[in-house]
Amino acid sequence: MFRRLKWIGVLGMMLLPALMICAEQRFPPPDFESGYSLPSPSTPPTRCLWLQYADAGVFLAALAVAVWLIYKKRSRRGLFWLSLFSLAYFGFYRKGCLCPIGSPQNVVYGLFNPDYAVPVTALIFCFAPIAVTLFAGRAFCAGVCPQGALQDLVLVKPVAVPLWLEEALGVVPFIFLGAGLVCAGTGTGFVICRYDPLVPFFRLSGGTFILTAGAAFLLAGMFVGRPYCRFLCPYGGLLRLASLASKWRVRVTPDVCTQCRLCEQSCPFGAMREPAPAESNPASPAPERKRLAWLLALLPLLIIAGAWAGSKLSPAAAQLDPGVALAERYARQQSHPARYGLMTPEALSLDRAAANPGAVLASAADMRHRFDLACWLFGGWIGLVIGVKLIALSVRSGRTDYEPDRGACVACARCFTACPNERVRLGLAPAGGESAPS
Amino acid sequence: MNTSPVYRAFALTAWIAGVFCLLVCGVMIYEHFAAATRDPWTSPRLLALREKLAAEPKNAALQKQIRQLDLEFRRKFRQRLALDKTGGWLLLGGALALVLAAGQAAALKKPPPLPQPQTGVRELAVKRASRARWSLAAVGFAAAGSLLIVRLGHTSVLPANPAAWQKLSAKAPEAPVEDAPALSEFQANWPRFRGWDGSGASAPASKAVSGILWRAAIPLPGNNSPIVWGDHVFISGGTAARREVYGYNASSGALLWQRAIENVPGSPPKVPEVPEDTGYAAPTMATDGRRVYVLFANGDLGALDFGGSIAWTRYLGPLNNPYGCATSLAIWGNNLLVQLDQGGSRPAGSKLILLQGASGRVLWERPRPVPASWATPIVVEAAGKTQIITLANPWVISYALADGNELWRAQLLENEIVPSPVLAGGLVVLLSPSARLLALRPDGAGDVTRTHLAWTSAENVPDIASPVSNGELVFTVTSSGMTTCFQTRDGKKIWEKELETDVQASPGIMDGRLFILGEHGPLVTLQAGREFREMGRIPLPDKFVASPAFAGGHVFLRGMTNLYCLGPAASGLAQQP
């Protein structure tokens, strides 16, 4: 069976260059007699439709293999090689695009802009990992995400992040997700893609800010496991939610937990949680219940306060849109004329605005209106995220064994072989040996 | 401490790789900041030179200096790109070595875990949750603070309420709008393909047309039809190498000027290949009495004044049309309408554009859900609106001239759409080539396919020539010369007649006479009435595929090599070189 799979894998690798050869632009650019070759207007260059479907097929197959490796084979080694393949294919070959992390923006942009039809491949990349997570946990993060694979590669000496800090910073991805969807919905841009700090490494190119941020993440990633996934990735936030409701979950031990804590040491992502002991004094939870009640009452207030604060952000946030920024510059020029150099971007944009100011201002007014609503929602979303997290931190867990946190576990399978029972199952340790204390 | 040689080898490799990465990073960072001084957009040296050139625009030495400096910046920019690329790969390799070596060294150094049973788990969990809540609150405050800083750092000068927006828009200076000639002037001339309204019918003129008044040589080939304004006749001609506009005197046929349309910004020097039958100058020009407008198959659009000086040019390409662009320009008031339908069997960037004639500024642009077509749009006043009627397989689509918004559409067309529509008796009469003659009521909204079709006829349906109407009757001519007369009201056939001549040009009506131009001559004149009556035939010594133009009682014809003016019996043929 394994040999057959190996041959299929080899055949697949041989077919990859053929796919690249077949990639051609639908509308060939004009030929220049000077020999100048026209650069592609997009990165990565556009692909013909069937190659996009082929990408989606590879993606779905990788997801299926990841689930198989986690649940059937329980193989860290297999996941490692799968993540290397994903890094090479979805990262360096496909240059990080299309990837699930940015795909929710395509969906939201399509929802709010009827002129844009969401590509089927974008829908597959967006919803397939979520669907898989609802059944099998974060298999996408484990072996298919190139960003995750890159961070796994650079992890040299993991240090534990205090759990209280981990929990607090865990809301940042949801805030980033909200900001990204606001920008996509208003048509301003895909900021999740623009500010993805790891994609520039796949493309070997990027702006100063984003390259610096990427380098910082990778340097931090040498000591903190997957910092981008845990503290910034908006899609990771979505998968974290989906994983909480997943039908199956990763189990460290194939047998009874011996509570040896070896798995706790093996997880570089701080996802392992200790058992929660039963309360010895039944009267003591009263203050906790009181706090929970207060927080539940506080939740609507936090949402309203967030929405109000968000609405105040609207005039500034709208300037993220190039059309609004141009209208601002134009209006400012009317009241306080500034002198720009000849043929500078500022001067050229002002010329463009002056040619049809009515249209520029009308477009800016429309965008401002969109941002008014979007910022209300964004502020309310931040309030909701913080409120729900506060409530979650006030609810007691009923864990009896050492288990990975359902949301935080990226199903990387590192903890499997740390468990003495798993080692017995694999024949790496003798059954009933000293390594399994009672 | 681990002192094994393997560990030391890994540790040493990690150190060397780390130093290598730092060196490469250092060089790249230095280059990055050094390059900022060579940015052509911000270089004080280049900006100063440009300012100086603005004051002395004809200073050739200054121009040369700017070009050299610009070239130097570009060279250095490309060098930097190459350096970045090499540096990127070196860094990637170094980082990989660093990570692998450091990882192995760390693994060798790591003591095996020996966890102890945990005590006080409950207290620890409570303490941790409490800390987490406080730190979460801190994150919330940090987020609020960041947003506050963003808000304070980006003050807006745009007004908050709609009334103030309108005030600001009103204060904004609009581009000057020049007066358009009166409608009567458009009607008296032949300002676009098939006359001012695209109907093929001319203003009444009682002159007889019995012979050639003059003929004039055309320098370059083209299939576009003549347009006429006052004492001027305009046509265009073009090849892959050169594309020109010609201005003739309408009275004498003298070539007043010829002007090449070249060096259009953005237009590539190598033009697309176009089938010989279509050529590079198939679209008929248009004029608003102030300027003439021309479009070529390579996507070059130009405006010239009546003296032949170029007012503006724009590149609308590259055009993706399997037979080459042949849709003519349309004019309404002082605005120019360009229909650019593109794609083989599927839409590929088809669009409709309205431009301001004086400046070439785009007033609006609308995408079209259709592949390439070759019919010319008409602009009509119908149902209380100024509508643009466009044809392309499979849709007849009407757009509002004011804003380009779609008014209605009907899925009625098939095959390759060449004939243009006409407005006759309140109906839009159009052809689905070789399939049906159709009449539509232009007062609908949305999809009117099933609701607004007045009548259809499948008899003697042309594939190239457009229909023509005098209001009461509609006339069609097939490529083989079969001429058919229909009643406009209900599509009933009144008469048909085989003219025994091949026809490619669209027919025209002037002064109650129907003119049908044979591909190799003659010009057949029929009575435009309910009974067939041939009034005469004028033999012509050329091949004709362009439609005739009618103005001032004269008929202007474009042959393959000559431009002809026909009118009252000529005593002697005037021939211009």
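Can you give me the number of residues within segment B:389-412 that are among the β-branched types (V, I, T) and out of contact with any Ser or Thr (no Cβ under 7 Å at 6 or more places or on another chain)?
2
Within the set of pairs 6+ apart or on separate chains, which have a first residue in segment A:186-208 that is over 25 Å from B:A82 (Cα atoms) and more than 10 Å from chain B (Cβ to nearest Cβ), a second that is of a type in the set (D, E, K, R) and surrounded by fewer than 24 Cβ atoms within 10 Å (Cβ to Cβ), and C-beta atoms under 9 Å apart?
Close Cβ pairs satisfying both conditions: A:T186/A:D321; A:T186/A:R370; A:G187/A:D321; A:G187/A:R370; A:T188/A:D321; A:T188/A:R370; A:G189/A:D321.
State whether one or more residues within segment B:438-457 are in contact with a Pro (Cβ under 9 Å, 6 or more places away or on another chain), surrounded by fewer than 19 Cβ atoms within 10 Å (Cβ to Cβ) and in the same structural domain as B:G195 (by TED's automatic domain parsing).
no
Which residue, of A:A325, A:A293, A:A316, A:A374, is more than 10 Å from chain B (Cβ to nearest Cβ), surrounded by 15 or more Cβ atoms within 10 Å (Cβ to Cβ) and at pLDDT 85 or above?
Going through A:A325, A:A293, A:A316, A:A374 in turn, just one is more than 10 Å from chain B (Cβ to nearest Cβ), surrounded by 15 or more Cβ atoms within 10 Å (Cβ to Cβ) and at pLDDT 85 or above: A:A374.
Among B:L124, B:L148, B:L98, which is the only one that is farther than 30 Å from B:T42 by Cβ, surrounded by 13 or more Cβ atoms within 10 Å (Cβ to Cβ), within 11 Å of another protein chain (Cβ to nearest Cβ) and touching a Cys at 6+ places or on another chain (Cβ under 9 Å)?
That would be B:L98, the only listed residue that is farther than 30 Å from B:T42 by Cβ, surrounded by 13 or more Cβ atoms within 10 Å (Cβ to Cβ), within 11 Å of another protein chain (Cβ to nearest Cβ) and touching a Cys at 6+ places or on another chain (Cβ under 9 Å).
I'd like to check something: does segment A:152-164 contain any residue that is within 14 Å of chain B (Cβ to nearest Cβ) and free of Cβ contacts under 8 Å to residues at least 24 places away in the same chain?
For segment A:152-164, residues within 14 Å of chain B (Cβ to nearest Cβ) and free of Cβ contacts under 8 Å to residues at least 24 places away in the same chain: present.
Of the conditions (1) without any contact (Cβ under 8 Å) to a residue 24 or more places away in the chain; (2) assigned to a loop (DSSP other than H, G, I, E, B), A:D366 satisfies every one except a single condition; which number is it?
Going through (1) without any contact (Cβ under 8 Å) to a residue 24 or more places away in the chain; (2) assigned to a loop (DSSP other than H, G, I, E, B) one by one, A:D366 breaks only (2).
Of the residues B:P371, B:P377, which single one is free of Cβ contacts under 8 Å to residues at least 60 places away in the same chain and in the same structural domain as B:V418 (by TED's automatic domain parsing)?
Residue meeting the stated conditions: B:P371.
If you take the residues of segment A:79-88 that are in contact (Cβ under 8 Å) with a residue 40 or more places away in the chain and in contact with a Pro (Cβ under 9 Å, 6 or more places away or on another chain), which of them is farthest from A:T121 (Cα to Cα)?
A:S83
Residue-wise test of (1) modelled with pLDDT of 90 or more; (2) surrounded by 23 or more Cβ atoms within 10 Å (Cβ to Cβ).
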{"site": "B:R346", "(1), (2)": "no, no"}
{"site": "B:T376", "(1), (2)": "yes, yes"}
{"site": "B:A402", "(1), (2)": "no, no"}
{"site": "B:R409", "(1), (2)": "yes, no"}
{"site": "B:V429", "(1), (2)": "yes, yes"}
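Residue-by-condition table, conditions (1) at pLDDT below 95; (2) farther than 27 Å from A:R251 by Cβ; (3) aromatic (F, W, Y); (4) buried (at least 18 other Cβ atoms within 10 Å of the Cβ):
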position: A:Y53; (1), (2), (3), (4): yes, yes, yes, no
position: A:A56; (1), (2), (3), (4): yes, yes, no, yes
position: A:A61; (1), (2), (3), (4): no, no, no, no
position: A:A64; (1), (2), (3), (4): no, no, no, no
position: A:K73; (1), (2), (3), (4): yes, no, no, no
position: A:R76; (1), (2), (3), (4): yes, no, no, yes
position: A:F92; (1), (2), (3), (4): yes, yes, yes, no
position: A:L98; (1), (2), (3), (4): yes, yes, no, yes
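Yes/no per residue for (1) closer than 25 Å to B:A105 by Cα; (2) in contact with a helix residue (DSSP H, G or I) (Cβ under 8 Å, 6 or more places away or on another chain); (3) of a type in the set (A, V, I, L, M):
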| site | (1), (2), (3) |
| --- | --- |
| A:C141 | no, yes, no |
| A:G148 | yes, yes, no |
| A:A160 | yes, no, yes |
| A:L165 | no, yes, yes |
| A:V172 | no, yes, yes |
| A:G178 | no, yes, no |
| A:A184 | no, yes, yes |
| A:T208 | no, yes, no |
| A:F217 | yes, yes, no |
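Please note which strands (runs of 3 or more DSSP E) are completely contained in segment B:307-401 and include at least 1 residues that are within 12 Å of the chain's Cα centre (by Cα).
B:310-315, B:335-340, B:351-356, B:362-367
When segment A:266-280 is examined, which residues are found to be out of contact with any Leu (no Cβ under 9 Å at 6 or more places or on another chain) and within 14 Å of chain B (Cβ to nearest Cβ)?
Scanning segment A:266-280 gives A:S266, A:C267, A:M272, A:P275, A:A276, A:P277, A:A278, A:E279, A:S280.
Which one is farthest from the other protein chains (Cβ to nearest Cβ), of the residues in segment B:101-121 that are surrounded by fewer than 18 Cβ atoms within 10 Å (Cβ to Cβ) and in a helix (DSSP H, G or I)?
Once the filter is applied, the top-ranked residue is B:L108.
Looking at (1) touching a Pro at 6+ places or on another chain (Cβ under 9 Å); (2) without any contact (Cβ under 8 Å) to a residue 24 or more places away in the chain, can you tell me which one B:P541 breaks?
B:P541 satisfies all of (1) touching a Pro at 6+ places or on another chain (Cβ under 9 Å); (2) without any contact (Cβ under 8 Å) to a residue 24 or more places away in the chain except (1).
Taking interchain pairs and intrachain pairs at least six residues apart, which have beta carbon atoms under 6 angstrom, with the first residue in segment B:65-94 and farther than 30 Å from B:A54 by Cα and in the same structural domain as B:R45 (by TED's automatic domain parsing) and the second surrounded by 15 or more Cβ atoms within 10 Å (Cβ to Cβ) and among the β-branched types (V, I, T)?
Pairs found: B:G87/B:V24; B:L90/B:V24; B:L91/B:V24.
Kindly evaluate A:S349 against the criterion of being of a type in the set (S, T, N, Q), within 30 Å of B:L47 (Cα to Cα) and more than 10 Å from every other protein chain (Cβ to nearest Cβ).
yes
So, B:V245, is that one among the aliphatic types (A, V, I, L, M), over 22 Å from the mean Cα position of the chain (by Cα) and assigned by TED's automatic domain parsing to the domain that holds B:L340 or not? Working first, answer last.
Working: among the aliphatic types (A, V, I, L, M): yes; over 22 Å from the mean Cα position of the chain (by Cα): no; assigned by TED's automatic domain parsing to the domain that holds B:L340: yes.
No: the conditions fail for B:V245.
Name, by its number, the condition in (1) under 30 Å from B:R50 (Cβ atoms); (2) crowded, with 19+ Cβ neighbours inside 10 Å; (3) of a type outside the set (S, T, N, Q) that does not hold for A:R352.
(2) is the only condition that A:R352 fails.
The values are calculated or read from the model by the stated rules, or taken from the named source; none is laboratory data. What you see is a predicted model; the values in this text were computed from it and never measured. Cβ atoms come from the backbone with ideal geometry, glycine included; neighbour counts cover every protein chain shown.
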